[in-house]
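What follows is a short report on a single structure.
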Amino acid sequence: MATDDYPWEPPLAGTEVEHLLGTLKRLRTTFRWKADDLDEAGLTYRIPSSSLTLGGLLKHLAADEDSMFTVKLTGASIGEPWESIWPDGAEYHVFTLDPTGHTPDELYSLWDGAVARSDARIAAALERGALDQPTALGFGADGHASLRRLLFDLIEEYGRHTGHADLIREAVDGRVGEDPPAGWTPVSGRAG
């Protein structure tokens, strides 16, 4: 049900692909809104019971986007910017939640760039075949995960972390709400 004021809304009645991509877009948009327009203090703020930060979640989800639709989809190396950030190539680095060493604009750029790359890779995969096409992510004798599975996994990841972002952002400056306001667009970081 996307409109000019709410372009991130998934359709009320569409195809499976439209629903999956629409749901992912809405979750991404809500997450980005929760993390948007913060300086270094806001992006590194921690609630007392957790080590999670909005900056760490931006970095983590950016790496997860590139891992999901490069490594897991095609079997290719994760590529830049991650190979420069983690030159030792250790795969566990993909899941880091540490924003240290990045400015707010760099963290927002990591996420924005990863989402753009993922969208292009998903579109290319859908041009090659349907949601049930096998990916490089294998599960031994069970075979390979489908593109559908990768999309569901990323939707689940955003659902989990958007909930975390809700709590952290409310603690940072009181921003609450389920969805961005009508016509919202990212403004990136504030000089800190």
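The values are calculated or read from the model by the stated rules, or taken from the named source; none is laboratory data. As the structure is a prediction and not an experimental result, all values here were calculated from the model. A quick note on method: Cβ atoms are made from the backbone with ideal geometry, for glycine too, and the neighbour counts reach across all protein chains shown. Ligands, DNA and RNA are stripped out before the accessible areas are found, and what is left, the full protein with its side chains, is counted by its heavy atoms. Shrake-Rupley method; radii C 1.70, N 1.55, O 1.52, S 1.80 Å.
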Taking amide H atoms as placed 1.01 Å from N in the peptide plane, list the residues 5 or more away in sequence, or in a different chain, whose amide H sits under 5 Å from that of residue 138.
145
Sorted on mean Cβ neighbours within 10 Å (highest first), peptides 154-161, 19-26, 78-85 come out as 19-26, 154-161, 78-85
What whole-number distance in Å separates the alpha-carbon centres of segment 5-80 and segment 153-192?
10
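Tell me, what is the per residue accessible area of the chain in Å², probe radius 1.4 Å?
On the way: 9410 Å² over 192 residues.
Value for the chain: 49 Å² per residue.
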Quick check on segment 1-90: take the gyration tensor over C-alpha atoms, sort the square-rooted eigenvalues as a ≥ b ≥ c, and tell me if it's rounded (a/c under 1.5), prolate or oblate.
oblate
Residues of segment 130-157 with amide N under 16 Å of a point placed 7 Å along Cα→Cβ from residue 74
134-137, 147
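Name the shape class, rounded, prolate or oblate, that the alpha-carbon gyration tensor gives for segment 94-177, where a ≥ b ≥ c are the square roots of its eigenvalues, rounded holds for a/c under 1.5, and otherwise prolate holds if a/b is larger than b/c and oblate otherwise. Don't skip to the answer; put the middle values down first.
Numbers: a/c = 2.26, a/b = 1.93, b/c = 1.17.
In terms of gyration-tensor shape, prolate.
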Using a ≥ b ≥ c from the Cα gyration tensor of segment 124-168 (square roots of the eigenvalues), is it rounded, prolate or oblate, where a/c under 1.5 gives rounded and otherwise the larger of a/b and b/c decides, a/b for prolate?
oblate
Return the carbon/sulfur percentage of the accessible area of the chain, one whole number, probe 1.4 Å, all protein chains in place.
55
Rounded to two decimals, the Debye log10 I(q)/I(0) of segment 16-156 (Cα scatterers, no solvent) at q = 0.18 Å⁻¹ is -1.06
